[in-house]
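Values in this text are rule-based calculations from the coordinates and carry no lab data. Every value quoted in this text rests on a predicted model; they were computed, and no experiment measured them. Cβ placement follows ideal geometry from the backbone for every residue including glycine, while neighbour counts extend to all protein chains displayed.
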Amino acid sequence: MKKIISLIAAFAIVINLSAQNEKMLKAMSGIVAGLDSLHTNEGWTAAANQFQRIADAEKTEWLPYYYAGLSNVMSGFMVGANHGDKTDPLADKAEALINKADELHKDNAEIWLVKKMISNLRMQADAMNRWQTEVPKGTEALEKAKSLDASNPRIFLLEGQDKFYTPEEFGGSKAEAKKLFETAVAKFGETKPESAIHPQWGLTQAKYFLTLAK
């Protein structure tokens with residue numbers, strides 16, 4: 001009898017979790033699909049707020065925290081360089097969110113890529129005074145992502161951006177950036193997301209930077 005009750009309870013939990021996941025899938029799929037069309041601070045801020053609300057409701061799921069972190073980082077990039085008073089709070093918020101995602105889903109390349117982006121955002125605010133701390137952090141995060149998923153297209157996108165924005169005397173190269181963006185675009189064509197709400201952003205960015213690098 002106890003075994004039957006335990007089985008019924010377990011079955012009820014599975015059904016409940018399935019319903020919750022379906023609800024989260026429905027809430028997130030449209031937002032995730034539209035991320036590559038966002039090009040303004042306001043757009044990314046709105047996405048960050050939406051993902052934050054989902055994360056508050058689904059406290060055991062890593063994806064809402066991941067996207068909330070990503071959206072805050074992207075919002076910061078839209079603000080522009082040398083605005084630490086505006087971007088540092090966004091970097092702090094993104095870091096707290098992505099660390100929460102990391103607690104829920106260890107050894108995930110996508111999470112480490114956002115950590116790399118957070119370092120880039122902090123650098124953008126004050127490159128002269130922060131490069132000695134943030135460049136090693138960003139490099140470590142990128143290498144960790146490579147070790148977990150070497151074919152991830154967003155790795156090549158971020159590497160390309162680094163090459164594109166770094167002055168040649170410090171190792172930058174538009175020609176090398178172009179090759180990395182081309183690889184990113186090709187990898188996007190070969191990569192299929194695990195689900196409709198798993199990371200799939202970046203193709204539009206890669207194509208955009210490819211036009212600049214030509």
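Data table
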| read-out | value |
| --- | --- |
| Nitroxide proxy distance, nm - points 7 Å out along Cα→Cβ at residue 191 and residue 103 | 2.7 nm |
| Estimated distance in nm for a label pair at residue 46 and residue 212, the labels positioned 7 Å out from Cα along Cα-to-Cβ | 2.4 nm |
| Rg [Å, one decimal], Dmax [Å, integer] - segment 1-138, C-alpha atoms | 18.4, 70 |
| Set of lysines near residue 86 by C-alpha distance (under 24 Å), chain-local residues within fewer than 8 positions excluded | 100, 115, 116, 137 |
| 222 nm mean residue ellipticity, helices alone, for the chain (DSSP H n ≥ 4; -39,500 (n - 2.57); rounded to 500) | -26500 deg cm²/dmol |
| In degrees, nearest ten, helix 84-104 long axis to first principal axis of the chain (Cα) | 40 degrees |
| Stretchable slack from residue 151 to residue 169, in nm (0.36 nm times residue separation minus alpha-carbon distance) | 3.6 nm |
| Distance in nm between pseudo-label sites at residue 53 and residue 133 (7 Å out along the Cβ direction from Cα) | 3.6 nm |
